[in-house]
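Working notes, beginning with the structure itself.
The values are calculated or read from the model by the stated rules, or taken from the named source; none is laboratory data. Note that this is a predicted model, so its numbers are computed, not measured. Quick reminder, even Gly has a Cβ in these numbers, built from the backbone with ideal geometry, and neighbours come from all protein chains shown.
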Amino acid sequence: MNKRKYIIDTDTASDDAVALVMALRSDLDILAITCTAGNLSLAKTTRNARLSCVFADTYAPPIYAGSDRPLVKTLVVGENVHGSDGLGDMFYPEPDVQLEQEHAVDAMLEIARTHKDVGLITLGPLTNVAMAILLDPIAMRNITHIIAMGGQYRMTNGCTANAEFNIWVDGEAAKIVLESGIPITMVPLDVCYGEAEITAEDRAYLKSLKSARGDFFVDCNRHLLAYNQRSYNKDIISMPDPTAMAVAIDPSIVTSYVDVYTQIELRSPLSYGQLIYDFYNRHKKAANVRLITKIDAQKFKTLVFKTAE
Amino acid sequence: MRKFIIDTDTGSDDAIALLMALADKEIEVLALTTVFGNVCLKQATRNALISCEFAGVNIPVYPGMDRPLVRERIEAIHVHGSDGLGDAGILDPKLKAQSKHAVSALIDLISEHDDVELITLGPLTNVALAMRKAPEVLKCLKKITCMGGAQLGYAAETEVAEFNILADPEAAKIVFEFGVPLVMVPLEVCLNGDGREGAETILNENDLMSIQAIDTLKSDFLLKISSSLLKFHEIYYGDVGLELPDPCAVAVALRPDLILHAYTANVSVDISGSLSYGQTVVNTKGGTVLEDQIYVANVTIVSALDGRGFKSMIEEAVR
């Protein structure tokens, strides 16, 4: 059986890193990793993507640096969430993995032009993807689908009241992607919390494996843990990007979804970056988003644990 | 005795809410003020007077604004029928409305009486204008209980906005920022609240049969005027259910003991969105990069109401 092929676009901080390791140790064929600014500056996200390949310890797909800022907005990074290096201030040594010279957007387009069976997994702001769509919309139509970590539909205060970080960082890019016609599966924050949270018990288990990866998963997320403790009063590591990756690796993790016409608010200072879901089909428009509303959290965790072994 | 003024765009659920408030002998309703909304002002005033007649009381009814502050007018006759009372052929009232404008009446009544509480069942145009015209008087309001808004994922008029707020978002912004204690009863309270046990506020087939069995003029009136709302629910959900947002707000105002869950939050009204216009944006704290953002609570949000208590309150009102 042919392996399913994907490009991963990432603003690699701590939970992206876990997602990358999961991808590189799965049955997926990762053709490229394209990096964008988001959680951190572009220099830091590309470094962390390269580091993640070291911890995956399987293969390193070509890694490309892309956009260093959103299309329109000023970049806002989340070092308060992930640490100044984005990996829990563990200051891991410089990885022996090279960075390609080509721009991430060109690399994405090159793959899109030459393949008709490649999907895209996005773990950060959608700047690179939007740029690729703007530069060559016809080529990007070859992308079979996008699995995106982004948005929230009932949960509030993920970033602003009603907007989630990845979408909020570059709302204009998200609009371009939503309107591109590429089928989008959206993994919202709502399904990344609750039962999918990595608890103290889960962390103890990962540590008990005494594996480099088990340690890495816990250690690089220690700032994220502290953030959840002080900000949400919860002793957990939240795993949005690994959840999206799990949906790509094992689609049976999804137990409930709705296909829904989705727009984005960009004009309101209060609601900038909010995804507006037409659940009652008021606009009589075809759905452009498959919104994941429930996952098998146990299955998700098992996948994280197995990757750490 | 607690004193209330009720501002209403009297459609069918407002009429039921008015029956509930006017049947309560423990409180005094000083006056009704009417506003456009579910129907035009003229119709809302007519329906408010009809409600007074069915309740058997004669209190002043002051007509107010027939248009929103800034935006164009929207109506909800598809929900409540073209006369706002389910097109059930209810006869014109004998009672007459006052000639004084609702905005003046609000200001006068609040300055003449101490500790007045306000219940708003429609767009907030009258209240906002009174706040702008006589802020020092309106500051004397003890509390405003407002049927309006929705939490994320529960709106009904657009994807994110509830009707009363969407009908005049600029007015709502003035009211939400004014500084009088504000209790918000969002739409989902009448849709079984936040889903917790005991919060079943939708009147089901059995509830309607119990009301029918009461067999009074009032109970007959309630069932007649609800036909449009029932049809509306059936189209959406395919079953028999009566959603009563305004009666929920009256229950919250009159019987705080029926509140199952409430919390304080910062609520802003979106007046600039292309898609989010009229949304009530509920902030409890900042997330991710905005974690240090501090939001000052300006609103108490009710998220669940004791369904059994609520339904028996309605039964009592029509007995």
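Here is how the numbers come out for the structure above:
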read-out	value
Checklist (1) in a loop (DSSP other than H, G, I, E, B); (2) touching a residue at least 12 places away in the same chain (Cβ under 8 Å); (3) touching a Phe, Trp or Tyr at 6+ places or on another chain (Cβ under 9 Å) applied to residue B:106, failing item	(1)
So residue B:176, is it crowded, with 24+ Cβ neighbours inside 10 Å and within 11 Å of the chain's Cα centre (by Cα)	no
Condition met for residue A:286 (in a loop (DSSP other than H, G, I, E, B) and over 30 Å from residue B:269 (Cβ atoms))	yes
Lone unmet requirement of (1) away from chain A (no Cβ under 14 Å); (2) under 26 Å from residue B:284 (Cβ atoms); (3) not hydroxyl-bearing (Ser, Thr, Tyr) for residue B:246	(2)
Pair list, Cβ under 8 Å, 6 or more apart: region B:124-148 residue closer than 20 Å to residue B:161 by Cα and touching a residue at least 24 places away in the same chain (Cβ under 8 Å), other residue polar (S, T, N, Q) and surrounded by fewer than 24 Cβ atoms within 10 Å (Cβ to Cβ)	none
Of residues in region A:276-308 being farther than 19 Å from residue B:276 by Cβ and among the hydroxyl-bearing types (Ser, Thr, Tyr), the one farthest from the other protein chains (Cβ to nearest Cβ)	A:302
Unmet criterion (only one of (1) more than 17 Å from the chain's Cα centre (by Cα); (2) crowded, with 18+ Cβ neighbours inside 10 Å; (3) in contact (Cβ under 8 Å) with a residue 60 or more places away in the chain) for residue B:189	(1)
Set A:205, A:227: member being aromatic (Phe, Trp, Tyr), touching a residue at least 24 places away in the same chain (Cβ under 8 Å), out of contact with any Lys or Arg (no Cβ under 9 Å at 6 or more places or on another chain) and more than 14 Å from chain B (Cβ to nearest Cβ)	A:205
Residue that is surrounded by 21 or more Cβ atoms within 10 Å (Cβ to Cβ) and assigned to a helix (DSSP H, G or I), where the choices are B:230, B:208, B:222	B:222
Qualifying residue in region B:136-147 (condition: more than 14 Å from every other protein chain (Cβ to nearest Cβ), in contact with a Gly (Cβ under 8 Å, 6 or more places away or on another chain) and outside any strand (DSSP E or B))	yes
Residue A:301, sole failed condition from (1) in contact with a strand residue (DSSP E or B) (Cβ under 6 Å, 6 or more places away or on another chain); (2) surrounded by fewer than 22 Cβ atoms within 10 Å (Cβ to Cβ)	(1)
Test for residue A:113: is it within 23 Å of residue A:238 (Cα to Cα), modelled with pLDDT of 95 or more and part of a helix (DSSP H, G or I)	no
Selection status of residue B:285, within 30 Å of residue A:169 (Cβ to Cβ) and either in contact with a Phe, Trp or Tyr (Cβ under 9 Å, 6 or more places away or on another chain) or of a type in the set (Val, Ile, Thr) (or both)	yes
Single unsatisfied condition, residue B:316 versus (1) more than 8 Å from chain A (Cβ to nearest Cβ); (2) surrounded by 19 or more Cβ atoms within 10 Å (Cβ to Cβ)	(2)
Count of region B:285-308 residues which are surrounded by fewer than 16 Cβ atoms within 10 Å (Cβ to Cβ), out of contact with any Ser or Thr (no Cβ under 8 Å at 6 or more places or on another chain) and more than 13 Å from chain A (Cβ to nearest Cβ)	2
Residue check for residue B:167: under 19 Å from residue B:267 (Cα atoms), at pLDDT 95 or above and within 14 Å of chain A (Cβ to nearest Cβ)	no
First in region B:208-222 and under 15 Å from residue B:240 (Cα atoms), second anywhere and in a helix (DSSP H, G or I), Cβ under 6 Å, 6 or more apart	B:211/B:219
Qualifying residue in region B:266-284 (condition: farther than 21 Å from residue B:158 by Cβ, within 10 Å of chain A (Cβ to nearest Cβ), surrounded by 17 or more Cβ atoms within 10 Å (Cβ to Cβ) and at pLDDT 95 or above)	yes
Entirely in region B:1-89, the strands (runs of 3 or more DSSP E) that have 3 or more residues that are closer than 30 Å to residue B:270 by Cβ and within 17 Å of the chain's Cα centre (by Cα)	B:2-8, B:27-34
Qualifying residue in region A:127-143 (condition: closer than 23 Å to residue A:246 by Cα, part of a loop (DSSP other than H, G, I, E, B) and under 20 Å from the mean Cα position of the chain (by Cα))	yes
Within region B:89-130, considering residues that are among the hydrophobic types (A, V, I, L, M, F, W, C) and under 18 Å from residue B:17 (Cα atoms), the one surrounded by the fewest Cβ atoms within 10 Å (Cβ to Cβ)	B:90
Residue selected from region A:160-187 under the condition surrounded by fewer than 24 Cβ atoms within 10 Å (Cβ to Cβ) and in a loop (DSSP other than H, G, I, E, B), by the criterion nearest to the other protein chains (Cβ to nearest Cβ)	A:179
Residue B:70 being touching a Gly at 6+ places or on another chain (Cβ under 9 Å) and of a type in the set (Val, Ile, Thr)	no
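Yes/no per residue for (1) within 14 Å of chain B (Cβ to nearest Cβ); (2) more than 16 Å from the chain's Cα centre (by Cα); (3) within 17 Å of residue A:305 (Cα to Cα); (4) surrounded by fewer than 23 Cβ atoms within 10 Å (Cβ to Cβ):
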position: A:190; (1), (2), (3), (4): yes, no, no, yes
position: A:199; (1), (2), (3), (4): no, yes, yes, yes
position: A:215; (1), (2), (3), (4): no, yes, yes, yes
position: A:260; (1), (2), (3), (4): yes, yes, no, yes
